[in-house]
Amino acid sequence: MSNSAIFKAARVANEGVTAWLRDHAVMVEDDKITAVIPQSKLPADAAAKHVVHDLGDVSLLPGLVDAHCHMHCSATSDAQALIFSEDNDRFIMRATNNLRRALLAGTTTVRDLGARNEVTFPVKAAIEAGVIPGPRLVCAGTPITITAGHCWMFGTEADTTEAVQTAIRQQVKFGARVIKMMATGGMFTPTANPRQTQFSAATLKAAVTEAERLGVQVVAHTLSAQGVKNCVEAGIHQLIHARWLDADPQKGVAYDHETSKKMADKGIWVDPTIGHHLLGREAREKTAAPEPLRHWSVASRPVSDKEHFDTIFRMHEAGVRYTAGLDMGMPYADHAKSAANAWAFVEELEWDNWKAIRANTADTAEGLRLGGTVGRIKPGLAADLAAFKGDPAKRIRDMDCAETVVQGGRVVKLHGDALV
């Protein structure tokens, strides 16, 4: 028996996610959108043949899409310590709660870029089986790093090109549909210097070749200028963070415009994770929260947000496209706050509101190769919807926690009440 529903709203995002359709209705059959029409043109017998949800004076958007999550992490100031101290059972409990909160906030698709295989894939299977609620998941499982490298505590350690290729095959065997490479060290791993590379361009290229043979993308965490250059040379599909730290711990950034132009020419996406920066800064301003942990190589010459944001401006000016990824689970990166990505694009990069909304929906879906499935309110796509009070096209922070959420045609939250 089919499930037919109609969702009426004062404002519905158009197919391009560029403007509102006023007083429209979204018609849904089972898990797909079948039509988007003015409410005045609904069939006279619509109520007899469909369940009609009048959402009222809300802004109806595609469900948000987030490109960067760690489902098992706490998003608290002690997130690093918990990564070292908690076991898989506790990680699974955290992940279950975190992903439910993400869904109920309006994030209906999430790409998880790093958790233990024993956590990621059972949680994903439970969501898909309907055992627990959660967003659509694209999962990497364990990230691939070097011995004692960034996130070794929940990663797969691989020190040679051959070991990396084997690790990729193993991850795909477990169910990974994206591969996460740690191209450089990272801030909160004491044994991994963020200013230094972990894999050569040749090894990263071999990773891309192997992943493409298996039909999956490769994304790479990179914080250093040389790491960015290695990733671009290798043809990595997306760079995570894409910071330009100089190798010298006494220097700041070493931005290279020619590399950014190559990135744009190759169609390499960047996930700048600036929503995470915004939430962290606001937490520290409001509650005197602890400063973020800084690796010794950065602490000796701290690099300001302004320096990093300047390179983010310049990459975009060179033609690089951005996805919206919060780095969910890292300190203050609340799983229910994916919308902070859009806030940061407007408030930090001075983007137009619609451009920021599109980044958090259609653009990120495209970057994740899911543009034919989610990210727009369009007939034939999944009926993933998120309704927000107010008008985020005028006030971007009206896009915060959705009051109604539909995933695959199923209402999981209605007028502020969670149904799952």
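The values are calculated or read from the model by the stated rules, or taken from the named source; none is laboratory data. Keep in mind the model is a prediction, meaning the values are calculated, not measured. Cβ sites come from the backbone with ideal geometry, for glycine too, and all protein chains shown count toward neighbours.
Identify the residue in the range 341-355 that is out of contact with any Asp or Glu (no Cβ under 8 Å at 6 or more places or on another chain) and within 27 Å of HIS72 (Cα to Cα) and, among all such residues, is surrounded by the fewest Cβ atoms within 10 Å (Cβ to Cβ).
Going through the qualifying residues, I end up with TRP343.
Just checking, which of VAL17, VAL26, VAL52 is touching a Phe, Trp or Tyr at 6+ places or on another chain (Cβ under 9 Å), over 30 Å from THR142 (Cα atoms) and surrounded by fewer than 18 Cβ atoms within 10 Å (Cβ to Cβ)?
Of the residues listed, the single one that is touching a Phe, Trp or Tyr at 6+ places or on another chain (Cβ under 9 Å), over 30 Å from THR142 (Cα atoms) and surrounded by fewer than 18 Cβ atoms within 10 Å (Cβ to Cβ) is VAL52.
Taking strands (runs of 3 or more DSSP E) that do not extend beyond the range 1-103, which have at least 3 residues that are of a type in the set (D, E, K, R) and farther than 30 Å from GLN217 by Cβ?
On the way: elements: 4-13, 20-29, 32-38, 51-54, 58-62, 64-69.
Qualifying strands (runs of 3 or more DSSP E): 20-29.
Yes or no, residue by residue, for (1) in contact with a helix residue (DSSP H, G or I) (Cβ under 8 Å, 6 or more places away or on another chain); (2) closer than 21 Å to VAL65 by Cα; (3) not in a helix (DSSP H, G or I):
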position	(1), (2), (3)
GLY186	no, no, yes
ALA192	yes, no, yes
ALA202	yes, no, no
LEU223	no, no, yes
LYS251	no, no, yes
THR259	yes, no, no
GLY267	no, yes, yes
LEU278	yes, yes, no
ARG281	yes, no, no
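Would you point out the residue of the range 152-183, among those that are of a type outside the set (Lys, Arg) and in contact (Cβ under 8 Å) with a residue 60 or more places away in the chain, that is farthest from THR120 (Cα to Cα)?
That would be MET153.
Among the residues of the range 389-420, how many are among the hydrophobic types (A, V, I, L, M, F, W, C) and free of Cβ contacts under 8 Å to residues at least 60 places away in the same chain?
Of the residues in that region, 2 qualify.
Which residue out of ALA288, ALA247 is touching a strand residue (DSSP E or B) at 6+ places or on another chain (Cβ under 8 Å) and either in the same structural domain as PRO190 (by TED's automatic domain parsing) or of a type outside the set (Asp, Glu) (or both)?
Within the list ALA288, ALA247, the selection yields ALA247.
Kindly check whether there is at least one residue in the range 290-304 that is within 19 Å of the chain's Cα centre (by Cα), surrounded by fewer than 22 Cβ atoms within 10 Å (Cβ to Cβ) and either modelled with pLDDT under 95 or part of a helix (DSSP H, G or I) (or both). Give the derivation first.
Taking the range 290-304 and keeping what is within 19 Å of the chain's Cα centre (by Cα), we get none.
Looking for residues that are within 19 Å of the chain's Cα centre (by Cα), surrounded by fewer than 22 Cβ atoms within 10 Å (Cβ to Cβ) and either modelled with pLDDT under 95 or part of a helix (DSSP H, G or I) (or both), one finds none in the range 290-304, hence no.
Would you mention how many residues in the range 94-132 are surrounded by 24 or more Cβ atoms within 10 Å (Cβ to Cβ), in contact with a Ser or Thr (Cβ under 9 Å, 6 or more places away or on another chain) and not aliphatic (A, V, I, L, M)?
Of the residues in that region, 8 qualify.
Return the residue satisfying two criteria in turn: it lies in the range 386-420 and is in a strand (DSSP E or B) and of a type in the set (Gly, Ala, Ser), and of such residues it is farthest from the chain's Cα centre (by Cα). Show your work before the answer.
Taking the range 386-420 first, the residues in a strand (DSSP E or B) are 386-389, 404-407, 410-414, 417-418.
Those still in the list that are of a type in the set (Gly, Ala, Ser) too: 386-387, 418.
Details: ALA386: 16, ALA387: 19, ALA418: 23 Å.
Ranking the qualifying residues of the range 386-420, first place goes to ALA418.
From ALA344, ALA324, ALA362, grab the single residue that is at pLDDT 95 or above and either assigned by TED's automatic domain parsing to the domain that holds ASN14 or in a loop (DSSP other than H, G, I, E, B) (or both).
Numbers: ALA344 fails: either assigned by TED's automatic domain parsing to the domain that holds ASN14 or in a loop (DSSP other than H, G, I, E, B) (or both); ALA362 fails: either assigned by TED's automatic domain parsing to the domain that holds ASN14 or in a loop (DSSP other than H, G, I, E, B) (or both).
Going through ALA344, ALA324, ALA362 in turn, just one is at pLDDT 95 or above and either assigned by TED's automatic domain parsing to the domain that holds ASN14 or in a loop (DSSP other than H, G, I, E, B) (or both): ALA324.
Any idea which residue in the range 133-144 is surrounded by the most Cβ atoms within 10 Å (Cβ to Cβ), counting only those that are under 21 Å from GLY227 (Cα atoms) and in contact with a Ser or Thr (Cβ under 7 Å, 6 or more places away or on another chain)?
ILE144
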